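The block underneath contains the structure these notes are about, expressed in structure tokens.
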Amino acid sequence: MRTATAPVAPETIDALGTIVAQADRGGGKISIAGGNTLSGMGLPLEAPALALSTLRLTGVVANESADLTIAVRAGMTLQGVNVLLAGQGQFIPFDAPAPQYATVGGTLAAGWLGPRRHRYGRLRDYLIGSAIVLADGSVARAGGMVVKNVAGYDMSRLYVGSFGTLGILVQANFKTIPAPGHARIFLAPLPERTRERAFAALAALPVAPSAAFWVDGFHNSIDGDDGNEGRVAVLLDGSEALLERATRDLRSALGRAGVPETRVFDTGARESFQRIVDAYVANLGERSVTYRIASFPTESAERALNIQQLARRYDLRTETIVDALNGDVVLRASGLDSRTLGGKIESFDDAIHELEPGAQVIACEHPHRVHLNAWGEAPAAVERMRALKARFDPNRTLNPGRFVGGI
Amino acid sequence: MKRLGMLRERLIGALGTDGVKTEPEDLSVYAFDAYTDGGRPLAVVLPRSTNEVSAVVKIAREFGEPIVARGAGTGLCGGAVPAAGGIVISTMRMNRILELDAANRRARVEPGLINLDLSRRVAADGLFFAPDPSSQQISTIGGNIATNAGGPHCLSYGTTVNHVLGLEVVDETGEVFTTSIDDSGYDLTAALVGSEGTLGIVTSAWVRLLAQPEAVRVWVAAFDQMEAASEAVSAIVAAGIVPTALEMMDSVIVTAVEAAFHAGYPTGAAAVLLVESAGFEEDVAAAESAIRAIVNQHGARYMRGARTAAERAALWAGRKGAAGATGRIAPNYYTQDVCVPRSKLPTALRAVAAAAAEHAITVGNVFHAGDGNLHPLLMYDRRDRRQVAAVVLTGNAILESAIELGGTISGEHGIGWEKRDAMTRVYTTADLAAMGRVRDVFDPRRRLNPEKIFPSGARCSEVTPP
């Protein structure tokens, strides 16, 4: 969802700070965006706002490749960073949709959680330093360029997932890790009778895959469909020797679970994985709404089935991605057109939250989006979160109303 | 005196007589942690539950007394000692595993649980808790969380914050709240981990457990020069190899450790590198040949592996007991804790040697080389005032050089009482004010572990108590 008016896109941190300070003093509101790839998350702002873009705030501040650290401006795209790092044999597990557009700042601000975190950890765990423009226009830095640092509060991690409501992230310092040399993806149909055993087999593999999904629907994202029963997709990465062993283990485990046939790709494996990640927020214009539910791996398949059934009761078409290793359930519910979805969307939203109170809307372009419970039930510590907002942004200048609990 | 008696009575009412200590000889036990400076509390309490912690906090608030939460007292920066009077809450009786969900690799534990006990008790499920400070045989999970503790295995697993999934916390009013990294909203869990007890008192934590690696191997390599050894460390990491641990010891430490433990380190070398690789057989085997080639290129005298689990354990016992072994060299030691970018290790080590030489202090280096996290042990005799002064000057000089090299003033021990004034050397007023805003929300009256972390002169972030 692009904003109607052209956003202001400062090229320096100082210029951005000046704009923010002026707005804050004058009672103006600011909406902040990077590549707009996760703009379907969160609530609309409570007041008209100046659109501020970080897209021109780009560039590498420091690239200490021998130290496995890098510092970049927030407007750099994930692809830009990872192409640079790939040239040095390194990577950061960003795992976000549309990396050619998604920015470092936006991905961090949204607290995006990728499927490879089971193996590599959360993106926040790679953030070793940051610079943030606060509501008064001043710049606060935290951390630095060392991989271990416990000097004071971990402010960088606090900004991750804060949706720009505490300040605008303008620089991110990361530790990087050596890139795995090889990648391989497995695709197989996943008939209903095999699903439970396949999930258990994946969890018990001695060499953990980097990602494993049950994908139901999303026909444009991956091939190898088997009617409505979905597919299993497994990503392995690592050294050639490791892949050989993991491949044998995975083949026999899936075979024992009754999965009928497995196709294996080396060429294009990373692209296939990326297409599944892209599907998390791919919307069907105004006729779909996509929810994400955090779950435990042992419960995720059952919870996915329950919400699929619920959607069918509302006569909505469903497509699902279940992250077998982390437990995330992504459900895209769609109607024939905007009107048919519009007639059901709010009551379906109530029903899904009754079943899954934490369900978050991660992609929706339907006009009724403003009436949805976009964040799910308020977190236990919401009052403390409101107090933090009040202390960091007393005039509610930054992204007012967009975040959890109306923050 | 009357007020103290009333306070004592109220605390006993909440916890029973066996949960409250006010006798001077009991209190002096809690006057110090592993840092040199201390301060005696008015009372020490040993609650058994979240409710009891909450009750104590409410009583303390009524009496206007500050609170310091304390685990095993192994902290090295004076973080767990009272600044002036106040009540110490010891978590040592809250040491249970409350829930174990092995299938989803997580457990809910109380803060007084000993770090190593957790790994021991989940071993049968093929799991372990990754953060392993050298004090892990006695340090508590609560203390690890308060300081965001590190350890040799940080290199591949990260510090404690990477392994905490959620917290139950008592705030400064005695109210209980919970956080989870999977909740929507701000990541309060990350803000609380490493806050050194200034934002709340953790009464239970969901922690992440990892699957035990199928293969673990440990090697020692001996070098004739520290510089060559630290260059080898940088080269290993730069080559894209991330061992699970990459530890270095100089000849002062190796000599002391061998005399104390017979760990199996080569004597007579200027530097010994301890390398551990863990994971899948295929990867560990590949790491070994790559590491061997690199250390040879850097002039290692030799590299050899532990042949048995017992040999491996002995090598680690030597490393983890290194600080204690220096008791053979001097009656006291002070551990500095700074972190520099890995490639600056050789320069940082030269600066350490120069500072020690200038002030005529014996220094032993034992540290997490793979992280650039230095721990010079400055040896002295506390009874000699000249030596005490020289140690302070040497420690400061090391801190200065780390800052100049783009490093930080604490890699894993924390700021506490010791380094709070050094915070202004790495952070601006605006940076510290942002941290102060977090403090304002959780502890506006500065009753939780006051006078820690924040520089003594910091007024910018303080608010008038309501």
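From the alpha carbon gyration tensor of chain B, can you work out the equivalent ellipsoid semi-axes (sqrt of 5 times each eigenvalue) and give them in Å, largest to smallest?
38, 26, 21
Within 10 Å, count the other beta carbons around each residue, average over each peptide in B:21-30, A:297-306, and list them highest first.
Sorting B:21-30, A:297-306 by mean packing, highest first, produces A:297-306, B:21-30.
Below 12 angstrom from the Cβ of A:LYS389, what's the summed charge of the other residues (Lys, Arg +1; Asp, Glu -1)?
With Lys, Arg at +1 and Asp, Glu at -1, the neighbours total +4.
What pairs from A:LYS29/A:LYS175; B:LYS2/B:LYS58; A:LYS29/A:LYS148; B:LYS21/B:LYS320 go past 28 Å between their alpha carbons?
From A:LYS29/A:LYS175; B:LYS2/B:LYS58; A:LYS29/A:LYS148; B:LYS21/B:LYS320, over 28 Å: A:LYS29/A:LYS175; A:LYS29/A:LYS148; B:LYS21/B:LYS320.
I'd like the projected area of segment B:84-232, averaged over all directions, using the convex hull of its alpha carbons. Report it in nm² with one decimal.
Mean orientational projected area (segment B:84-232, Cα hull): 12.3 nm².
Among B:PRO213, B:ALA55, B:ALA433, whose Cα projects farthest towards the positive end of the dipole of chain B, with charges put on the beta-carbon of Lys, Arg (+1) and Asp, Glu (-1)?
B:ALA55
May I ask you to work out the translational diffusion coefficient for segment B:143-200 at 20 °C, viscosity 1.002 mPa s, via Stokes-Einstein with Rh from the Kirkwood sum over Cα pairs, reported in whole µm²/s?
179 µm²/s
Under the definition of partner shielding as Cβ atoms of other protein chains within 10 Å of a residue Cβ, what is the mean value for peptide B:362-375?
Average neighbour count from other chains, rounded to a whole number: 1.
Within a Cβ distance under 9 Å of B:THR147, other residues only, what is the Lys/Arg minus Asp/Glu net charge?
Computed value for this residue: -2.
Restricted to Cα positions, what overall size does segment B:60-116 have along the principal axes? Three whole-Å values, descending.
46, 29, 17
For B:THR203, enumerate residues with amide H under 5 Å from its amide H, sequence gap 5+ or separate chain, H modeled in the peptide plane.
B:GLU168, B:VAL169, B:VAL170
Restricting attention to the alpha-carbon atoms of segment A:29-90, what are Rg (one decimal) and Dmax (integer), both in Å?
When restricted to Cα atoms, segment A:29-90 yields Rg and Dmax of 15.2, 47 Å.
Given that compact globular proteins tend to follow 2.2 N^0.38 Å, what is the ratio of the alpha-carbon Rg of chain A to that value?
Rounded to two decimals, the normalised Rg is 0.99.
Taking every alpha carbon pair in segment B:185-260, what does the distance histogram look like in 10 angstrom bins from 0, in percent?
Final binned percentages: 12, 27, 21, 30, 10, 0.
Using the alpha carbon gyration tensor of segment A:164-241, what are the three equivalent-ellipsoid semi-axes (square root of 5 times each eigenvalue), largest first, in whole Å?
Calculated on Cα positions only, the semi-axes equal 31, 20, 13 Å.
State the percent of C-alpha pairs, over all pairs in segment B:307-466, separated by a distance greater than 27 angstrom.
Here the tail beyond 27 Å accounts for 37 percent of pairs.
Could you tally the net charge around B:LYS344, taking each other residue with its Cβ under 11 Å from the Cβ of B:LYS344, Lys/Arg +1 and Asp/Glu -1?
Within the 11 Å Cβ shell, the charges total -1.
Please compute, over every Cα-Cα pair in the protein assembly as shown, the percentage with a separation greater than 57 angstrom.
Roughly 8 percent, rounded to a whole number.
What's the center-to-center distance, using Cα atoms, between segment B:251-305 and segment A:204-270 in Å?
So the separation of the two Cα centres works out to 39 Å.
What do you get for Rg/Rh of segment B:1-97 when both radii come from the Cα atoms and Rh is the Kirkwood radius?
0.94
If you take the Cα Rg of segment B:369-440 and divide it by 2.2 N^0.38 Å, with N the number of residues, what do you get?
1.30
Checking buried surface per residue: for segment B:159-192, which residues lose a minimum of 50 Å² accessible area in the protein assembly relative to the chain alone (1.4 Å probe)?
B:ASN162, B:ILE181, B:ASP182, B:SER184, B:GLY185, B:TYR186, B:ASP187, B:LEU188
Using each residue's phi in segment B:298-308, evaluate 6.51 cos²θ - 1.76 cosθ + 1.60 at θ = phi - 60° and report the 3J(HN,Hα) Karplus result to the nearest Hz, with x for Gly and Pro.
8, x, 4, 5, 6, 9, 9, x, 5, 8, 10
Accessible area lost on pairing B with A, both sides, 1.4 Å probe, Å² to nearest 100?
Buried surface at the B/A interface: approximately 5500 Å².
Please report, in whole Å³, the volume per residue of the convex hull around the C-alpha atoms of segment B:248-357.
Normalising the Cα hull of segment B:248-357 by residue number yields 135 Å³.
Can you list, largest first and rounded to whole Å, the semi-axes you get for segment A:120-190 by taking the square root of 5 times each eigenvalue of its Cα gyration tensor?
Gyration-tensor ellipsoid for segment A:120-190: 31, 16, 10 Å.
What accessible area per residue comes out for segment B:215-349, rounded to a whole number of Å², with a 1.4 Å probe?
35 Å²
Accessible area of chain B with a 1.4 Å probe: how many percent of it is carbon plus sulfur?
51 percent
Could you give me D for segment B:200-310, from Stokes-Einstein at 25 °C and 0.890 mPa s, where the hydrodynamic radius is the Kirkwood radius over C-alpha pairs? Units µm² s⁻¹, please.
Here the translational diffusion coefficient equals 161 µm²/s.
Rolling a 1.4 Å sphere over the protein heavy atoms, what is the accessible area per residue of segment A:274-407, to the nearest Å²?
On a per-residue basis, 37 Å².
Provide the per-residue ³J(HN,Hα) series for segment B:52-60, in order, calculated from phi with Karplus coefficients 6.51, -1.76, 1.60 and θ = phi - 60°, each as a whole number of Hz, with x at glycine and proline positions.
Each residue of segment B:52-60 in turn: 5, 4, 4, 4, 5, 4, 5, 5, 4 Hz.
Please report, in whole Å³, the volume per residue of the convex hull around the C-alpha atoms of segment A:351-407.
Here the figure is 89 Å³ per residue.
Report, as an integer, the average count of C-beta atoms from other chains found within 10 Å of each Cβ along A:376-388.
Per residue, the average neighbour count from other chains is 6.
Across peptide B:432-445, what mean number of C-beta atoms from other chains lies inside 10 Å of a residue's C-beta?
Mean shielding by partner chains, rounded to a whole number: 5.
Using the alpha-carbon atoms, what tilt in degrees (0 to 90, nearest 10) does helix B:345-358 show relative to the longest principal axis of chain B?
Approximately 80 degrees, to the nearest 10.
Can you tell me the 0 to 90 degree angle between the C-alpha axis of helix A:382-392 and the longest principal axis of chain A, rounded to 10?
Helix A:382-392 sits at roughly 40 degrees to that axis.
The values are calculated or read from the model by the stated rules, or taken from the named source; none is laboratory data. Please read all numbers here as calculations on a predicted model, not as lab measurements. Please note: Cβ atoms are built from the backbone with ideal geometry, for glycine as well, and neighbour counts cover all protein chains shown. For the accessible areas, the whole protein counts, side chains as well, though only heavy atoms, and no ligand, DNA or RNA atoms are used. Shrake-Rupley method; radii C 1.70, N 1.55, O 1.52, S 1.80 Å.
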